[in-house]
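The values are calculated or read from the model by the stated rules, or taken from the named source; none is laboratory data. Nothing here was measured: the structure is a model prediction, and the numbers come from that model. A quick note on method: Cβ atoms are made from the backbone with ideal geometry, for glycine too, and the neighbour counts reach across all protein chains shown.
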Amino acid sequence: MNIRNTAVAVLALILSACASKPASDMAVVDNLETVTAQVEAIDHKTRMVTLKGADGESVTIKASEEIRNLPQVQVGDTVSVSYYTALAAQIKPKGSTQSPDVQYDVGGARAAQGMRPGMMAGDAITVDVRIESVDLKANTVRFTGPSGLIRETEVEDPQFRELLKSLKVGDIVEITFFEGIAASVDEVPAPAAPAAAK
């Protein structure tokens, strides 16, 4: 299985779980960017790889020793890198207390021996904030973070502005920031055999 497709499937699962929550108590904003380049040259001994981007520019890099199965990469193969970010906020149930902790979650995987080169990695940071004030006219919210510091921020995203309408002083909101990266090398397809003449 292509590691990039696996990473996208995991991210889609996370988003679908978020989307199943009532819209009035949760907001999610995400972004996925993918860049592709073609392998122009490769020296397997020195691990130097020249990649040509969609803009026609070429860059030469040294492939890290962490990249497994580099000998499988050939001129003409396509390298794809996807970068995903998401920010989610959810109002916690009434009576919830604010956690003083900042939760860090990190994970990753790389291609097994013998598979095409690829990897994925991601991390998430989750904090609870307590709402101190909400100004719907100015689209601002004041909150106390886990360290006790009070901050005020302007809310620009339409989904988060909808969430702002549901907030009340004293609400505890769980905020999670996620970022992930996935990279894969796809083999250039072999040319089709010519049709036999009849």
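Structural remarks
- Region 144-162, residues that are assigned to a strand (DSSP E or B) and without any contact (Cβ under 8 Å) to a residue 40 or more places away in the chain: 150, 151, 152, 153, 154
- Candidates 52, 62, 94, 45, filtered to the one that is within 28 Å of residue 173 (Cβ to Cβ) and basic (Lys, Arg): 94
- Residue match in region 99-108 (condition: under 26 Å from the mean Cα position of the chain (by Cα), outside any loop (DSSP other than H, G, I, E, B), over 30 Å from residue 73 (Cβ atoms) and not acidic (Asp, Glu)): yes
- Qualifying residues in region 124-138 (those that are within 27 Å of the chain's Cα centre (by Cα) and either in a loop (DSSP other than H, G, I, E, B) or not hydroxyl-bearing (Ser, Thr, Tyr) (or both)) - the one surrounded by the fewest Cβ atoms within 10 Å (Cβ to Cβ): 125
- Residue satisfying all of: in region 167-184; in contact with a Lys or Arg (Cβ under 8 Å, 6 or more places away or on another chain) and part of a strand (DSSP E or B); surrounded by the most Cβ atoms within 10 Å (Cβ to Cβ) among these: 182
- Residue satisfying all of: in region 102-114; within 14 Å of residue 68 (Cβ to Cβ) and free of Cβ contacts under 8 Å to residues at least 60 places away in the same chain; surrounded by the fewest Cβ atoms within 10 Å (Cβ to Cβ) among these: 113
- Restricting region 50-84 to residues that are in a loop (DSSP other than H, G, I, E, B) and surrounded by 14 or more Cβ atoms within 10 Å (Cβ to Cβ) leaves a set whose member that is nearest to the chain's Cα centre (by Cα) is 67.
- Failed criterion for residue 87 (all others in (1) among the aliphatic types (A, V, I, L, M); (2) modelled with pLDDT of 90 or more; (3) more than 24 Å from residue 160 (Cβ to Cβ) hold): (3)
- Set side by side, the residues 147, 133, 184 differ, and just one is more than 25 Å from residue 66 (Cβ to Cβ), hydroxyl-bearing (Ser, Thr, Tyr) and at pLDDT below 95, which is 147.
- The sole residue among 57, 33 that is of a type in the set (D, E, K, R), modelled with pLDDT of 90 or more and within 30 Å of residue 159 (Cβ to Cβ) is 33.
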